[in-house]
Amino acid sequence: MRLQSGQALLELLLTLAISALVSVWAVQRWQAHLQEQQLQSWAGWLLEVRQGVQRYMDAHASKLLAGAATLPGYADPWSPGLAELAAQGWLPRGLSSMPLNWPGLQIQLTLQGECPGACRLDALLLLFASQDWAHRPAALGQWLLETRGYGLVVHPDRSTRLQGPAGDWPNPLSGTQPWPAGTMAVLASGDRDAGLAGEDMSSYLRLRDERDPDFQANLSARGQVQAHGNLQTQGALVLGGSAYTYSACSQEAAIVRRIESPGLLTCRQGYWRPLASAGGGAFMTHSHTPCPAQHAQVQVNPMTGQCSCPSGYLPLRIAEYTVASGVTRSYLCVD
């Protein structure tokens, strides 16, 4: 009996030990799963913010490359906040603040190289998690995978560098405080996205660029060209569109050439009307004398050479009187 009791106790202890190991493994696996989900959420959110920061840099690249110290709407244009970017339309309103219980975020713009010349504008989006992340090398490696090539981290054994597939930066940058080990970041850089890293970007146009491109050759466009200011030319303006006077139109204030005679038409109230002219002229008829004729009571319209109005004009009778030889009527051509 004593031998059987000892064997049962040993089996019980072995079962408890195996159960404890399985429980520890399950807890660790669950913690790893939670960590993976957390990193995926952080990375997805920060990559969305990165797109807004990219648009912000594209819009203000010329001023930032020139070292602008101020920009309307931003307390510090070199470290814009989420709310500022959302207020200016670069981020959706849903990204105007950090989610609750998430790490802190800093957006830091930096210039590399000498401007003007061979310089490059970058933005580092830095996520400050707890110091505990510095002791999770697997998590830092996963961050670089989740950020699709834009990721950077401060490794605990290389705490003086911010490194990753996106590049290598000193820690700290000039004029900033050092970032703690475990810091995770993504890079926003127009140069890198366009495949032009390291080149002088001053010769390239960007979206909403405020510089005058001053093109030196022809410029062609397949779609509509819109301007919010005046349109000026030192040469001739050639119009390809044409229409008949008083035919229907849909684009108010548009201008085309008149088909039936020299002149321009503009779209007003749904019809092509003469833009400007010397008028439709006038003429006078006599009831017993054909027109044209050499008669004191008959006068042809100098615009047509007949007793009629040009196309697009209507005769308006302005006078009528009777003489011994018949009735004389005077007409003015109006549009």
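No lab work stands behind these numbers, since they all come straight from the coordinates. Everything numeric here is computed off the predicted structure, so don't read it as measured data. Cβ atoms come from the backbone with ideal geometry, glycine included; neighbour counts cover every protein chain shown.
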Set the Förster radius R0 to 35 Å, insert the Cβ-Cβ distance between Q112 and V225 as r into 1/(1 + (r/R0)^6), and round the FRET efficiency to 0.05.
0.45
For a test of the definition: using alpha carbon positions, the gyration tensor, and the 1.5 limit on a/c, classify segment 245-298 as rounded, prolate or oblate.
prolate
How many angstrom lie between the Cα centre of segment 62-88 and the Cα centre of segment 302-330?
71
For the peptides 314-321, 165-172, what is the packing order when you average, over each peptide's residues, the other Cβ atoms within 10 Å and list the highest mean first?
165-172, 314-321
Given a Förster distance of 41 angstrom, what is the FRET efficiency for Q177 paired with F215, based on the Cβ-Cβ distance and rounded to 0.05?
0.35
Starting from the Cα of Q306, step 7 Å along the direction of its Cβ; do the same at D157; then give the gap between the two resulting points in nm.
9.9
The simple spin-label model distance between V323 and W45, using points 7 Å out along Cα→Cβ, in nm, is 9.6
Which whole-number value in Å³ per residue fits the convex hull of the alpha carbons of segment 48-99?
68
